[in-house]
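The values are calculated or read from the model by the stated rules, or taken from the named source; none is laboratory data. Just so it is clear, the model here is predicted, and its values are computed rather than measured. All Cβ positions, even for glycine, are placed from backbone atoms using ideal geometry, and neighbour counts span all protein chains on display. Side chains are part of the model used for accessible areas, which takes the heavy atoms of the whole protein and leaves out ligands, DNA and RNA. Shrake-Rupley method; radii C 1.70, N 1.55, O 1.52, S 1.80 Å.
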Amino acid sequence: MRIELVRGDITSQEVDAVVNAANSSLLGGGGVDGAIHRRGGPAILAECRRIRETRYPDGLPTGQAVATTGGDLPARWVIHTVGPVYARSQDRSALLASCHTESLRVADELGARSVAFPAVSTGAYGYPLDEAAPIAVRAVLGADTQVEVVRFVLFDEAAERAFDRALREATGQPG
Ligand code: APR
């Protein structure tokens, strides 16, 4: 597996699947979630609603992942995952790692070979980048998956620096 780090917008990534930093309702939000639904169009939300009705009436649990169509996005699929809200009093790193390994497991079920991740939980959910980046990079590096390319799409300079440092520390090489 190759890990790439790029600065940019997750909605414009030409990969098989993009990962959405969703919430358990799967009914949209701001940040990545808002951008994916805005640019991907109503087909994504329609499938999210069906997933809620048929499989997750109480919402998608934190750390789990489900796939929908990519709608009007360049990506064929969106893999929605729910990151943990950061808590100083509780170590939720395993849930954040699970977002990545579960998204890759869903990608394998789809037959996706390239997957783009945003920096899950580091926005509205308040996870510090210097904690989230190593968790995300190590979870991906340690995953047993057929996915060939994992691309972290960083929205700002701080995220790019944090992931670059995490990748170097985990592999000894720059992104
Ligand atoms: N492309 C790539 N990265 C983005 C984009 C984008 N278009 N928009 C925001 N980001 C970055 C943010 O800068 C942050 O680093 O994605 C990271 C995750 O931020 P959020 O989207 O706020 O996601 P998260 O912290 O996981 O919070 C999820 O926010 O949008 C709601 O419905 C969502 O309730 C859920 C919560």
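Taking region 1-16 as the range and being under 19 Å from Asp156 (Cβ atoms), open to solvent by 50 Å² or more (accessible area, probe 1.4 Å) and in a strand (DSSP E or B) as the test, only Arg7 passes. Checked against (1) within 14 Å of the ligand (Cβ to nearest atom); (2) out of contact with any strand residue (DSSP E or B) (no Cβ under 9 Å at 6 or more places or on another chain); (3) part of a helix (DSSP H, G or I), Arg49 passes all but condition (1).
So, Val19, is that one modelled with pLDDT of 95 or more and either within 15 Å of the ligand (Cβ to nearest atom) or not in a helix (DSSP H, G or I) (or both) or not? Please lay out each step first, then the result.
Values: modelled with pLDDT of 95 or more: yes; either within 15 Å of the ligand (Cβ to nearest atom) or not in a helix (DSSP H, G or I) (or both): yes.
Yes, satisfied.
For beta carbons closer than 6 Å, sequence separation of 6+ or different chains, a first residue in region 49-62 that is touching a residue at least 60 places away in the same chain (Cβ under 8 Å) and a second that is surrounded by 15 or more Cβ atoms within 10 Å (Cβ to Cβ), there are no qualifying pairs. Checking the condition modelled with pLDDT of 95 or more and closer than 14 Å to Glu4 by Cα, which residue from Val78, Val120, Val149 passes? Criteria check complete, one pass: Val149. Yes or no: Asp144 over 13 Å from the mean Cα position of the chain (by Cα) and farther than 23 Å from Glu14 by Cβ? When the stated conditions are applied, Asp144 passes them. If the condition is being within 11 Å of the ligand (Cβ to nearest atom) and surrounded by fewer than 16 Cβ atoms within 10 Å (Cβ to Cβ), then region 26-46 contributes Leu27, Gly30, Gly34, Arg38. In the set (1) free of Cβ contacts under 8 Å to residues at least 60 places away in the same chain; (2) within 14 Å of Val153 (Cα to Cα); (3) in a loop (DSSP other than H, G, I, E, B), the condition left unmet by Ile36 is number (3).
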